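Engineer: Pasting in a structure now, in structure tokens, and then I'll have a few things to ask.
Read-outs throughout are calculated quantities, based only on the coordinates presented, and are distinct from any laboratory measurement. Please read these numbers as outputs of a predicted model, since none were measured by experiment. Every residue, glycine among them, receives a Cβ derived from its backbone with ideal geometry; neighbour counts consider all protein chains shown.
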Amino acid sequence: MGKRKDMFPDDEEIIQQIRSGGIGRQKYASKIYTQYMGYVIKGKQRYRLSMEEAQDAYADAVIGICRHIEEGRFRGESKLSTYLFKAFSNRCVDKLRRRASNKNVAWEEILPTMPDKAKNMIQELILKEKTDLLLALMDKLGESCKKILIDSEYYGFSMDEIAERTGFKNAASVSSMKYKCMDKLRKLLRERNIDNKM
Amino acid sequence: MAVNESNSLSPERIQLYLSGQMTETEQSAFEKDMEQNQQLRDAVKEAALATWTIKAYAQEEEKRQLNSLYKEEASVQRLNQKRWVPIIAVAATLLVLLVGYFVINPLQGPPLQDLMATYYELPQAPDLMSTDVEQAIKEADMAYSAMEWEKAVNLYHQIPQDSLSSFDQSRIYLYQGLCLIKLKKYQEAENTLLKAHQHQDQQDWYLSLIYLEQEDYEKASKMLNQIKDKGDPYFTSKAEKLLKALKEQ
């Protein structure tokens, strides 16, 4: 039973681990993904999507669920499997709608907690700019910067944890490096004149 | 809320606003400031776009990782489905295969050595770095991308370590080690990989493959179990599959 529980953690454990951020967030996103992978075929058949579209919709749904858990929008009121299937179905319908537009990143979902005014300020910039080009700027940061920014901003690793993962002396040096990396990214964005396009 | 000029542009305050952690009163005061202060507006726009870029990039990367899990799981499932082929057909096929195998490879064990080749996949060359200090790294990375292993090893070797951060040093050792594996210089590869302290997951994974290739299955299994314990989802999944494959031999 213990082994089975380890392979298929219950909803409570998943929610707790995702909320804790860092390695728990990373590991349990994969666990959710593999646990309900059968949905991909269901979605493919039901919505007549290509395999790639169904997989993409499923990955989007899993990441979306993780975000909902992190933000406290999903607290386990319904079963995770039901919630995920509903989210996945919505993503499949989105895929059908977006087929023509070929947009991979739904920009508005990335920053759910950002105030509306700030969202409006960057909405036009993101829509005007090819998102691929924006994302390519991250590759120009170098591996350590990219890792620090992603670990801290996306996965929610603490500065101490990042120090341990990246081999920095301590949390303070990671903080200072993060500041420099953020600055470097802003400069790259500025160089592309992105903020002058409005 | 009266805020002086320098305070209003503080990155912490902007971050607080963007993360939605301000109270309603603070938020409306901040937005009022923004209406009157073009500089603040620009700073907020820039910070918001930077945050969006990081999160969108990370999300795409996570999606790619998750989808690679699908491909791996699907291939395992396909293998499992084959177990339902009628027993006689399976037995007959196995018999033919076994007889055939032992005729071709008398007294040799099952193809444990093939496991290394099956599981060894080259990661893409790292992104080229933007600063000019790294010209030497660029050349080495390009040789790696072109699969010119000998040349890449030499070029990585010539990179002056003093000018690099410890993370980049570790990365150089990792790729140098991978080239040495391709050159079948396993002892050298092991020694080099052991210096890639900051790429532990990759280090452990490729070390386990070296041990496997050297038929040190005990050491390989130990290393694979270590990977599992660390919990990196990508390498854990690979390690679990390889352990399973080892047990089935």
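Engineer: So what is the calculated 222 nm ellipticity per residue for chain A, using -39500 (n - 2.57) for each DSSP H run with n of 4 or more, over all residues, to the nearest 500 deg cm²/dmol?
Structural biologist: -22000 deg cm²/dmol
Engineer: Related question: Using r as the Cβ-Cβ distance of B:H197 and A:F85, and R0 as 51 Å, what FRET efficiency do you calculate, to the nearest 0.05?
Structural biologist: Once the sixth-power term is evaluated, E becomes 0.75.
Engineer: Tell me which of B:F235, B:Q158, B:A143 sits at the most positive position along the dipole axis of the range B:128-249, charges placed on C-beta atoms (Lys, Arg +1; Asp, Glu -1).
Structural biologist: Value: B:F235.
Engineer: Then there is this: State, to one decimal in nm, how far the label point of B:Y119 lies from the label point of A:S175, with both points 7 Å from Cα in the Cβ direction.
Structural biologist: Between B:Y119 and A:S175, the label points sit 4.1 nm apart.
Engineer: Name the trypsin sites (Lys or Arg not before Pro) in the range B:174-249 that are in a loop by DSSP and that have at most 12 other C-beta atoms within 10 Å, would you?
Structural biologist: B:K184
Engineer: Among the helices of chain A (complete DSSP H runs), which have Cα atoms covering no less than 24 Å along the helix axis and a Kyte-Doolittle mean of at least -0.5?
Structural biologist: Membrane-span-like by this rule: A:51-70, A:80-98, A:171-191.
Engineer: Continuing with this model, one more query. Loop-only check: which trypsin sites (Lys or Arg not before Pro) in the range A:15-82 are DSSP coil with at most 13 other Cβ within 10 angstrom? Mind dumping the intermediate values first?
Structural biologist: Working: sites: A:R19, A:R25, A:K27, A:K31, A:K42, A:K44, A:R46, A:R48, A:R67, A:R73, A:R75, A:K79; in loops: A:R48, A:R73, A:R75, A:K79.
Within the range A:15-82, the qualifying trypsin sites (Lys or Arg not before Pro) (loop, at most 13 other Cβ atoms within 10 Å) are A:R48, A:R73, A:R75, A:K79.
Engineer: Remind me, relative contact order of chain A in percent, using alpha carbon pairs under 8 angstrom and six or more residues apart?
Structural biologist: Averaging sequence separation for qualifying contacts and normalising by length gives 19 percent for chain A.
Engineer: For chain A, what are Rg and Dmax over the alpha carbons, in angstrom?
Structural biologist: 18.8, 59
Engineer: Can you give the Rg and Dmax of the range A:1-79 based on its C-alpha atoms, in angstrom?
Structural biologist: Every Cα atom of the range A:1-79 included, Rg and Dmax give 13.4, 39 Å.
Engineer: Right, something else. Viscosity 0.890 mPa s, temperature 25 °C: what is the translational diffusion coefficient of the range B:199-249 from Stokes-Einstein with a Kirkwood Rh over Cα pairs, rounded to a whole number of µm²/s?
Structural biologist: 235 µm²/s
Engineer: Note down the nm distance, to one decimal, between modelled labels 7 Å out along Cα→Cβ at A:D132 and at B:K32.
Structural biologist: Rounded to a tenth, the inter-label distance reads 4.6 nm.
Engineer: Looking at A:S30, A:A87, A:A136, which one has the Cα that reaches farthest to the positive end of the dipole of the range A:22-160 (charges on Cβ: Lys, Arg +1; Asp, Glu -1)?
Structural biologist: Of the options given, the answer is A:A87.
Engineer: Could I ask something else about it? 7 Å from Cα along Cα→Cβ at both B:Q226 and B:Q214: what's the point-to-point distance in nm?
Structural biologist: 1.3 nm
Engineer: With no other cysteine's Cβ closer than 4.7 Å, which Cys residues of chain A count as lacking a disulfide-compatible partner?
Structural biologist: A:C66, A:C92
Engineer: Only four residue types carry charge here, +1 at the Cβ of Lys and Arg and -1 at the Cβ of Asp and Glu. Report the dipole size of the range A:147-186 about the Cα centre in Debye, rounded to the nearest 20.
Structural biologist: It works out to roughly 240 debye.
Engineer: OK, next. Can you tell me what the convex hull of the Cα atoms of the range B:153-225 projects to on average, as an area in nm²?
Structural biologist: Averaging across all directions leaves 4.5 nm² for the Cα convex hull.
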